[in-house]
Amino acid sequence: MPSETDSQSPTHNEARADKGESVGATSPAQPKTVVKAPLDSKNGNEAKASASAKASASDAHADASTSAVKVPDPLDFASIKEDPDDLFLPHGAKHFYSNGKYRIGRPVPGGTPTGAVPAGLHEFYSQKIVWSKGYIDSLNCDSLSANASIFDVISAHDVFPFGTKCGYIILPLDYSKPQGSTIALPIIKIPAKSGVPHKGSIFVNPGGPGASGIYYGANFAHLNFEDPTIKGETFTDLGYDVVSFDPRGVGGALPQIRCESSAAFFKQAAGGDKDSYDSAMKISKYNADKCLHNTGKLFGISGSEFIPQVGTANVAKDLDVMRSVFGNEKLNYYGASYGSRLGFVYATQFPNNVGAMVIDGIENPLTHAGDPGLTKKLKQYLPNGTLLDREKSQAQGFNETFVKFLEACLSQSPLFDNDCFAKEYVGQIKGKPPQEQIDIAYAKFQELIQASYGGTTYTDGSGNPLSFEHLVWGATFKPLYSTSLWTTLNDGLISLDKEKNGSDLRSLFDSYFRVEYNYDYDNDKPLPPTVPFKEAAYRVITCMDVDDKALASKEESEKNWRDYWQAAPLRDPGKDSNGEQRYRYSHSNVCPFLPKSQSVLSPSHYFKNLSDTLIVSSSFDSATPFENGVVASQLMGGSLLTVAHSSHVAYGRNISCADNVVNRYLKDPTTFRADVVAGSLKGEKYSGAPGVATKDIYSHALTGDTCQLSNFAHATEAPDPKPSDKPDPNPSEKPDPKPTEKPAPDAGKAPATGGGKNVSKHGISATSDQVSSDKKHVRLAVTGSSFNTIVLGSIVLLILGAALIYRKRLRL
């Protein structure tokens, strides 16, 4: 099983919760005419042709001698141009500049801490933030951003709502050495609506790790992230001040995680398809060395000092400092995608400080350091048998969403203008396409993207090579985060098939990595494209979260890839002309070449006495598979909102029942839980449309309501797995069997119990053996007088029975 920090893991650089877009802001498409990326100074054709006779087979790169498309050599390190040291350095950093140096310094005193303050950290918990209001002072909110580009901005004239406050919060680099080096995080505060009872602050954090939080927070002035013109009830309307920040090393945080240059990034993407195992190792080592050299450089902090401290465990500590500084006894929080992991980790470290917490689209809550026994107890909820195999489960999630795309495409949905890239290959389409037609379309897709391997078949519209690496990110990652991008994907595949033009798909790649194209108006020429440091932050933080430095052998790596492609064939590069499997060795896995982490995630566990939480999980979420939410609900003892949805995360995605349920929870979590148990959450407003394709908590297909609520008790241990029909001959050696679902009466219809059709036993029509196996630890969301009568009657019978036994014992 591949490790997410294995340097040759198929998905260390792919199994991310939300790498392509900050959850909330949908990125506009890039221009189809793109600037030509820097290529090698050498002749890529002749140099490779002559070198191929001398190079070993394991080190061979693409031989482009017969092609007009020049493919760069990513091993030509000497020709790579470095980025300026201050590229994407926020303008606000000038406030830490004096005497020719950048230095963060100590927190500003004068604040009053709220709630518990860990020993030795009073200076940080009691700091005073110096605020500036956006568009008023010289230090405006936009100046704190690393790159105020069109990708993160709602519109050119409306970035931050009027009245937004912004500034920096100062934190220790190393919490075990609070008197040592410090870091600065940009932070914004959007005040609550006047005239509404004030509920304190709610902190929000987006995907990644690597996405800017301050722009994400600005989105909460609108609610609807797919279409900002659609207004809805926002967190500020509910009485919360919205607070968001860029996590340590991310975006405009100081220092920033910085790795290889933009030129190196483009060279590796365009020319890395045919990298051998050995050459990929050299490139990974090069990238890691650049991380260590460039990170902290401007601030007098070495990369080897800074990088070990950027894990999510330390970001959770940062979050608790902010809770106190903003005057909150408890942390109210909404986290999406990677932000959901941050919320989960915060609850692990500070369970007594958790207030209202919404977790939407959660990453795998079980770390690689997790207890295998815990996974065993939760196996009944895991369609793949385990969550520890994070890469494979996420690969299957993307694959499942891609099949949904094919179904919609072949169904001649108006979304695609009644045209589909595979229409002429599948035969006549009538209604919902059968599996045979889906399989043909899937195979056509594979044929199109596998032809890009080596970078000599397609161009990006400007003569630059379009590689398999480009298409993996542009065609199988970015558009599967949101159905709003499915049209672009379909159009791009049509252009690829008919014209060998990959400009649309290259635009998705660029959008995924936030590629910026600028123009030198003084000299009337385009500037080389640049890549913000979001990708670098993702890699490094992921490494530090787990700190698994194991280096897979070539054989292990290839086995990992084959297992991965079995789960997601759409990313299989296929076979060469000799029938040999091709590989796309990852050249961006820097973990084995970085220092040991000082901020590794703690193993997951069952929470005791945690405040009521709401976990939102989309049934067909590509990046964070549905079962992640079920497991998190079990561990945290919260309510699970299942949303029938084929995009990543659900809140603010124009799904009214999801927005309504989350907002009702945030108005009063205690009353919300009581209403769920009582069955008073009912009707279209909270359940959405009936009869849609969704899932139950065991990931079985179900026809039900758009939104379904399941109520998990505060568990002190895992419920016993549902027994299978056949006894296990070796129960001590084998994991607990996955439950066999027995159809309940009216199976396939929208479940209903008690007071609301969206509230049921775990969101499904539970069978008697499910209830018997779970009733000890899970407070089922069943309601009504009959249930209360049964409970009261059972209690009376137990009391009477105990009394009779007691009397008999006295007579003996």
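Given the criteria without any contact (Cβ under 8 Å) to a residue 40 or more places away in the chain, in contact with a helix residue (DSSP H, G or I) (Cβ under 9 Å, 6 or more places away or on another chain) and among the basic types (Lys, Arg), does LYS525 qualify? Steps first, please.
On the way: without any contact (Cβ under 8 Å) to a residue 40 or more places away in the chain: yes; in contact with a helix residue (DSSP H, G or I) (Cβ under 9 Å, 6 or more places away or on another chain): no; among the basic types (Lys, Arg): yes.
In short, no.
Identify, by number, the condition in (1) touching a Ser or Thr at 6+ places or on another chain (Cβ under 7 Å); (2) at pLDDT 90 or above; (3) assigned to a loop (DSSP other than H, G, I, E, B) that SER511 doesn't meet.
Going through (1) touching a Ser or Thr at 6+ places or on another chain (Cβ under 7 Å); (2) at pLDDT 90 or above; (3) assigned to a loop (DSSP other than H, G, I, E, B) one by one, SER511 breaks only (3).
Assess whether VAL600 counts as being of a type outside the set (S, T, N, Q) and in a strand (DSSP E or B). Write out each step before concluding.
Working: of a type outside the set (S, T, N, Q): yes; in a strand (DSSP E or B): no.
No, not satisfied.
Just give me the residues in segment 275-291 being open to solvent by less than 50 Å² (accessible area, probe 1.4 Å) and assigned to a helix (DSSP H, G or I), in sequence order. Even if it seems obvious, please write down each step before you answer.
Going residue by residue through segment 275-291, those that are open to solvent by less than 50 Å² (accessible area, probe 1.4 Å) are 275-277, 279-281, 283-284, 286-288, 290-291.
Passing the criteria: TYR277, SER279, ALA280, MET281, ILE283, SER284, TYR286, ASN287, ALA288, LYS290, CYS291.
Give the residue, chosen from GLN396, GLN435, GLN428, GLN450, that is over 17 Å from ASP497 (Cβ atoms) and at pLDDT 90 or above. Steps first, please.
Details: GLN396 fails: at pLDDT 90 or above; GLN428 fails: at pLDDT 90 or above; GLN450 fails: over 17 Å from ASP497 (Cβ atoms).
Among GLN396, GLN435, GLN428, GLN450, only GLN435 is over 17 Å from ASP497 (Cβ atoms) and at pLDDT 90 or above.
Can you tell me which residues in segment 387-446 are open to solvent by less than 20 Å² (accessible area, probe 1.4 Å) and small (Gly, Ala, Ser)?
SER393, ALA395, GLY397, ALA422, ALA441
So how many residues does segment 568-581 have that are within 17 Å of LYS392 (Cα to Cα) and open to solvent by 10 Å² or more (accessible area, probe 1.4 Å)?
2
Can SER495 be described as open to solvent by 10 Å² or more (accessible area, probe 1.4 Å) and either at pLDDT 90 or above or of a type in the set (Gly, Ala, Ser) (or both)? Even if it seems obvious, please write down each step before you answer.
Values: open to solvent by 10 Å² or more (accessible area, probe 1.4 Å): yes; either at pLDDT 90 or above or of a type in the set (Gly, Ala, Ser) (or both): yes.
Judged against the criteria, SER495 is a match.
So, ALA270, is that one surrounded by 24 or more Cβ atoms within 10 Å (Cβ to Cβ), in contact with a Phe, Trp or Tyr (Cβ under 7 Å, 6 or more places away or on another chain) and in a helix (DSSP H, G or I) or not? Spell out the reasoning first.
On the way: surrounded by 24 or more Cβ atoms within 10 Å (Cβ to Cβ): yes; in contact with a Phe, Trp or Tyr (Cβ under 7 Å, 6 or more places away or on another chain): no; in a helix (DSSP H, G or I): yes.
Considered against the rule, which asks whether it is surrounded by 24 or more Cβ atoms within 10 Å (Cβ to Cβ), in contact with a Phe, Trp or Tyr (Cβ under 7 Å, 6 or more places away or on another chain) and in a helix (DSSP H, G or I), ALA270 comes out as no.
Is at least one residue of segment 164-172 touching an Asp or Glu at 6+ places or on another chain (Cβ under 7 Å), surrounded by 20 or more Cβ atoms within 10 Å (Cβ to Cβ), β-branched (Val, Ile, Thr) and at pLDDT below 95? Lay out the reasoning, then the answer.
Taking segment 164-172 as the starting set, the residues that turn out to be touching an Asp or Glu at 6+ places or on another chain (Cβ under 7 Å) are 171.
Still in the list and also surrounded by 20 or more Cβ atoms within 10 Å (Cβ to Cβ): 171.
Okay, now just the ones that are also β-branched (Val, Ile, Thr), so none.
No, because not a single residue in segment 164-172 is touching an Asp or Glu at 6+ places or on another chain (Cβ under 7 Å), surrounded by 20 or more Cβ atoms within 10 Å (Cβ to Cβ), β-branched (Val, Ile, Thr) and at pLDDT below 95.
Pairs, please: C-beta under 8 Å, at least 6 apart or cross-chain, first residue of a type in the set (Lys, Arg) and in segment 341-369, second open to solvent by less than 20 Å² (accessible area, probe 1.4 Å)?
ARG341/ALA17; ARG341/THR312; ARG341/GLY335; ARG341/ILE362; ARG341/GLU363; ARG341/PRO365
Kindly list the number of the only condition in (1) in contact with a helix residue (DSSP H, G or I) (Cβ under 9 Å, 6 or more places away or on another chain); (2) over 30 Å from VAL315 (Cβ atoms); (3) not hydroxyl-bearing (Ser, Thr, Tyr) that fails for ASP612.
Among (1) in contact with a helix residue (DSSP H, G or I) (Cβ under 9 Å, 6 or more places away or on another chain); (2) over 30 Å from VAL315 (Cβ atoms); (3) not hydroxyl-bearing (Ser, Thr, Tyr), the lone unmet condition for ASP612 is (2).
Quickly run through segment 458-486 and pick out the residues that are among the polar types (S, T, N, Q) and at pLDDT below 95. Working first, answer last.
Within segment 458-486, the subset among the polar types (S, T, N, Q) is 459, 462, 464, 467, 476, 482-484.
Within segment 458-486, THR459, SER462, ASN464, THR476, SER482, THR483, SER484 qualify.
Looking only at segment 315-341, which residues are open to solvent by 10 Å² or more (accessible area, probe 1.4 Å), modelled with pLDDT of 95 or more and either assigned to a helix (DSSP H, G or I) or not polar (S, T, N, Q) (or both)?
Matches in segment 315-341: LYS317, VAL325, PHE326, GLY327, GLU329, LYS330.
Please go through segment 186-213 and pick out each residue that is open to solvent by less than 10 Å² (accessible area, probe 1.4 Å) and touching an Asp or Glu at 6+ places or on another chain (Cβ under 6 Å).
PRO186, SER201, GLY207, GLY213, listed by residue number.
Identify the residue in segment 104-127 that is open to solvent by 30 Å² or more (accessible area, probe 1.4 Å) and in contact with a helix residue (DSSP H, G or I) (Cβ under 6 Å, 6 or more places away or on another chain) and, among all such residues, is farthest from PHE326 (Cα to Cα).
Within segment 104-127, the match that is farthest from PHE326 (Cα to Cα) is VAL117.
Looking at TYR175, is it assigned to a loop (DSSP other than H, G, I, E, B), modelled with pLDDT of 95 or more and within 30 Å of ILE301 (Cβ to Cβ)?
On the way: assigned to a loop (DSSP other than H, G, I, E, B): yes; modelled with pLDDT of 95 or more: yes; within 30 Å of ILE301 (Cβ to Cβ): yes.
Criteria met by TYR175.
The values are calculated or read from the model by the stated rules, or taken from the named source; none is laboratory data. The shown structure was predicted, so the numbers you read here are calculated from the model rather than taken from an experiment. We place every Cβ from the backbone using ideal geometry, glycine too, and count neighbours over all the protein chains shown. To get the accessible areas, we keep the full protein, side chains included, count just its heavy atoms, and leave off ligands, DNA and RNA. Shrake-Rupley method; radii C 1.70, N 1.55, O 1.52, S 1.80 Å.
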